[in-house]
Amino acid sequence: MSDGENKSVKGSGPAETSKAGTEPTRRRITIDPITRLEGHGKIEVFLDEQGNVERAFFQVPELRGFERFAQGRPAEDMPQITSRICGVCPTAHHMASTKALDNLYQVTPPPAARKIRELVYSTFMTEDHALHFYFLGGPDFVVGPTAPAAERNILGVIAKVGIEVGKKVIAMRRKLRELLILAGGKAAHPVLGLPGGVAKRLTVQDQAQFQQVASEAVDFAEFTLETFENVVLKNSDYVKLICSEAFTHRTYYMGMVDDKNRVNFYDGSIRVVSPDGKEWAKFRSDQYLDYVAEHVEPWSYVKFAYLKPLGWKGFTEGAESGVYCVAPLARLNAADGLATPLAQEAYQKLFATLGGRPVHYTLANHWARVVELLYAAERMKELAGDPEVADPNVRTIPTATPREGIGVVEAPRGTLFHHYQTDEKGIIQKANLIVATQNNAARIAMSVEKAAKGLITGGNVSEGVLNMVEMAFRAYDPCHGCATHSLPGSMPLLLRVHDHEGNPLTTLRRDMDGSIHRS
Amino acid sequence: MAFTVRVLCLGNELLADDAFGNAVAEQLRLLFPASLDVVETPVSGFALIDYLPNVSCLLVVDTVQTGKAAPGTIHLVREGDIKSVSGCSPHYVGLFETLELARKLLPSVPQEVIILAVEAADCTTLGGAMHPAVQAAVPVALDLVREITQRCAPVHSGREPQPSEAVRVSIEAVVARFGRERFVVI
């Protein structure tokens, strides 16, 4: 882990593709020690002699020290501890951690416990995806990509869809969160999962409440899909943007699927398809180390995940490169369908409209998310209606001696891996997490570079580049926990352009109040 | 309606300086009567909408990383002093956007919103220690709560307190007491 000392970056970066017989010019370029991020997203751009982008590096604040923090702690505490890492997806960490404990103690939860976990998880996914559509992704596309910046925020979304819809979103969210509190005690830090089961059964009354809200959630999801189709798909500017080359990458795609290769957020095998859509691998959670490795770059704290059998070939796309991605679009690409009827219809429509599977358009993540919202709500309704979910037997007590456990779920933002190694008393010796964003990190870096290349030419730096970069970034909805503070405006963003000798040329800084400064 | 105050302490106790909000909440519970409405939460952005209804004055305690001030610098912001925000946060909807939205969609939203945000050095090291300068800002937050709750307490002579003025005077008093150079007042 670097501590802000001068870092040297060799000439290779996102742009390099190895061509037989040509050796790209290698230069040593030093990145200023201010590279250590303090709450800024930072983009370093290096120009060639013509003033065009040779390479761009994107860094964001990254949580550090997890392994050291976990060492010495009882593994049984991890579902509570890891849910505190991130205020956005606590339930995802909680669930992956709980499954890692099942694996650690080699214990299988009774059917009712499994169903309760998946029901709660579907509730969480419904809430998260709904919130994202209206308030996070919405400003980009519900309002429209060419709308003035002043309207591209959640107020602009409400202006477009109407106050009644806004109230509906808030009400739906509140009901979903009440269910999470009912099952887990708290919405922010659920107390639900235990190795071998869950902490609390659901009564018949609880179940009835889940059923009631689930029905409303399905209606709400259908309405959201309709809104998307009316407001977004009928806006040809936006459709053009979705399909534009600037936001297209042909990589591998990863997602969790059930035994019929349909998306499942809670459990199943992990499936990877190649850029042409064919199944490339399908493996169990505990085999992930054979398929996923992490690559370190000197200019970033983020570890870039890649497909181990293919090897790290740099920031490139295509079937030879180990770069892959996760999250809604990847999940739909990696699956053969969805397990619930309305969502399956929506799945088919998405691929029919966008030219078949797989879809490589990053911005199609927003559409895929709405399709998944419908699946999550339908799945919630299915599970809530299952009589077994109110069965009192919700725990199998573990008896095996712990040693190693791996748990994987699909977080809203992509595949999440928890891996613990313990001593025979269950005290953690080693721990590793691969969060959703690490799976996407390489592709995000490529997207940023592509955006920079499109908007910085002949040494001219257009301010629009900040918006393009942000739009790509937002489509991945990365989980960077630190950019969460309440002062108004955006995450401060700093873009520094260097000439071909590495000297600073232009800096664009977007402050927390949204104003852009050029120097 | 009686003038009520809620202190909303935002923080993640695992993340070094981001535990500032939690530290303030802990002290508030020890030092103030149980009747003080203190909320401690790790959520952010739009989820803060849950904490807006049914209170007249909301004091938000949080950390921030502007990169433009020394760690421990205390930023004081009143909602009325911030111009409308354009553009969306790459990840999270800011508090002020949430407030504007809440005013359109909820029946009850605070009239007074004040943010006390301390410049953090490190919010990314799990299990990391709090920077001493950030720790030193805890008493400032406590003092602001004391000032506001005292100045805005119901007056027995029947005069209603003027919240806006009371908040302004409270901020001035705290800044003067601790030294202007420690603050950025917007």
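Of all residues assigned to the stretch A:397-405, at least one qualifies as being in a strand (DSSP E or B) and not assigned by TED's automatic domain parsing to the domain that holds A:T507. Reported count of residues in the stretch A:152-171, each being facing chain B (nearest Cβ under 8 Å) and within 30 Å of A:V465 (Cβ to Cβ), is 5. For the stretch A:281-289, the criterion of being in contact with a Phe, Trp or Tyr (Cβ under 7 Å, 6 or more places away or on another chain) and assigned to a helix (DSSP H, G or I) is satisfied by at least one residue.
Considering (1) over 23 Å from A:A411 (Cβ atoms); (2) in contact with an Asp or Glu (Cβ under 9 Å, 6 or more places away or on another chain); (3) of a type in the set (A, V, I, L, M), say which one A:V273 fails and leave the rest. Among (1) over 23 Å from A:A411 (Cβ atoms); (2) in contact with an Asp or Glu (Cβ under 9 Å, 6 or more places away or on another chain); (3) of a type in the set (A, V, I, L, M), the lone unmet condition for A:V273 is (1).
Comparison of A:G193, A:G185, A:G197 shows that the only residue that is free of Cβ contacts under 8 Å to residues at least 60 places away in the same chain, over 20 Å from A:A130 (Cα atoms) and either surrounded by fewer than 24 Cβ atoms within 10 Å (Cβ to Cβ) or of a type outside the set (S, T, N, Q) (or both) is A:G185.
Scanning the stretch A:218-269 for residues that are farther than 17 Å from A:W367 by Cα, in a helix (DSSP H, G or I) and among the acidic types (D, E) turns up A:D219, A:E245. With a requirement of 2 or more residues that are at the interface with chain B (Cβ under 10 Å from one of its Cβ atoms) and closer than 26 Å to A:I397 by Cβ, the helices (runs of 4 or more DSSP H) lying completely within the stretch A:37-104 that satisfy it span A:78-82.
Checking each residue of the stretch B:124-137 against the condition of being more than 10 Å from chain A (Cβ to nearest Cβ), farther than 30 Å from A:Q71 by Cβ and at pLDDT 90 or above gives at least one match.
For the stretch A:189-210, check the following and say yes or no: at least one residue is hydrophobic (A, V, I, L, M, F, W, C), within 14 Å of chain B (Cβ to nearest Cβ), in contact with a strand residue (DSSP E or B) (Cβ under 7 Å, 6 or more places away or on another chain) and not in a helix (DSSP H, G or I). No, every residue in the stretch A:189-210 fails to be hydrophobic (A, V, I, L, M, F, W, C), within 14 Å of chain B (Cβ to nearest Cβ), in contact with a strand residue (DSSP E or B) (Cβ under 7 Å, 6 or more places away or on another chain) and not in a helix (DSSP H, G or I). Before we move on, is A:V143 buried (at least 21 other Cβ atoms within 10 Å of the Cβ), touching a helix residue (DSSP H, G or I) at 6+ places or on another chain (Cβ under 9 Å), aliphatic (A, V, I, L, M) and modelled with pLDDT under 90? For A:V143, the condition - buried (at least 21 other Cβ atoms within 10 Å of the Cβ), touching a helix residue (DSSP H, G or I) at 6+ places or on another chain (Cβ under 9 Å), aliphatic (A, V, I, L, M) and modelled with pLDDT under 90 - is met.
Output the residues belonging to the stretch A:327-372 that are within 23 Å of A:E216 (Cβ to Cβ), buried (at least 24 other Cβ atoms within 10 Å of the Cβ) and not assigned by TED's automatic domain parsing to the domain that holds A:R117. Across the stretch A:327-372, the qualifying residues are A:P328, A:L338, A:A343, A:A346, A:Y347.
Being surrounded by fewer than 18 Cβ atoms within 10 Å (Cβ to Cβ) and either within 18 Å of the chain's Cα centre (by Cα) or acidic (D, E) (or both), is that true of even one residue in the stretch A:265-274? Scanning the stretch A:265-274, I find no residue that is surrounded by fewer than 18 Cβ atoms within 10 Å (Cβ to Cβ) and either within 18 Å of the chain's Cα centre (by Cα) or acidic (D, E) (or both), so the answer is no.
Results for (1) surrounded by fewer than 17 Cβ atoms within 10 Å (Cβ to Cβ); (2) under 23 Å from A:G337 (Cβ atoms); (3) in contact (Cβ under 8 Å) with a residue 24 or more places away in the chain, shown as yes or no for each residue.
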site: A:I242; (1), (2), (3): no, yes, yes
site: A:F247; (1), (2), (3): no, no, yes
site: A:M254; (1), (2), (3): no, yes, yes
site: A:D259; (1), (2), (3): yes, yes, no
site: A:R262; (1), (2), (3): no, yes, yes
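Taken together, B:V61, B:V5, B:V38, B:V43 contain a single residue that is touching a Gly at 6+ places or on another chain (Cβ under 7 Å), modelled with pLDDT of 90 or more and either within 23 Å of B:R151 (Cα to Cα) or within 14 Å of chain A (Cβ to nearest Cβ) (or both), which is B:V61. Would you mind stating whether A:Y375 is in a loop (DSSP other than H, G, I, E, B), among the aromatic types (F, W, Y) and not assigned by TED's automatic domain parsing to the domain that holds A:A451? When the stated conditions are applied, A:Y375 does not pass them.
If you go through the stretch A:172-179 one residue at a time, do you hit one that is surrounded by fewer than 23 Cβ atoms within 10 Å (Cβ to Cβ), free of Cβ contacts under 8 Å to residues at least 24 places away in the same chain, assigned to a helix (DSSP H, G or I) and facing chain B (nearest Cβ under 9 Å)? Yes, the conditions are met somewhere in the stretch A:172-179.
Under the condition of being surrounded by fewer than 20 Cβ atoms within 10 Å (Cβ to Cβ) and at the interface with chain A (Cβ under 9 Å from one of its Cβ atoms), the residues counted in the stretch B:46-58 number 1. The residue pairs whose first member lies in the stretch A:421-439 and is part of a strand (DSSP E or B), whose second member is among the small types (G, A, S) and surrounded by 14 or more Cβ atoms within 10 Å (Cβ to Cβ), and whose beta carbons are closer than 8 Å, counting only pairs six or more residues apart or on different chains, are A:Q421/A:A431; A:T422/A:A75; A:T422/A:G405; A:I427/A:A75; A:I428/A:A70; A:I428/A:A75; A:A431/A:A70; A:I434/A:A305.
Residues checked against (1) farther than 22 Å from A:H94 by Cα; (2) not charged (D, E, K, R):
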site	(1), (2)
A:K282	yes, no
A:S285	no, yes
A:P298	yes, yes
A:L307	yes, yes
A:G311	yes, yes
A:G314	yes, yes
A:V323	yes, yes
A:P328	no, yes
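Considering every residue within the stretch A:129-151, establish whether at least one is part of a helix (DSSP H, G or I) and away from chain B (no Cβ under 13 Å). Yes, the stretch A:129-151 contains a residue that is part of a helix (DSSP H, G or I) and away from chain B (no Cβ under 13 Å). Please verify whether the stretch A:303-324 includes one or more residues that are surrounded by fewer than 24 Cβ atoms within 10 Å (Cβ to Cβ), assigned by TED's automatic domain parsing to the domain that holds A:L180 and assigned to a loop (DSSP other than H, G, I, E, B). Checked the stretch A:303-324: no residue is surrounded by fewer than 24 Cβ atoms within 10 Å (Cβ to Cβ), assigned by TED's automatic domain parsing to the domain that holds A:L180 and assigned to a loop (DSSP other than H, G, I, E, B).
The values are calculated or read from the model by the stated rules, or taken from the named source; none is laboratory data. Bear in mind that the values here come from a model prediction, so they are computed numbers and not experimental data. As a convention, Cβ positions derive from the backbone with ideal geometry for all residues, glycine included, and neighbour counts pool all protein chains shown.
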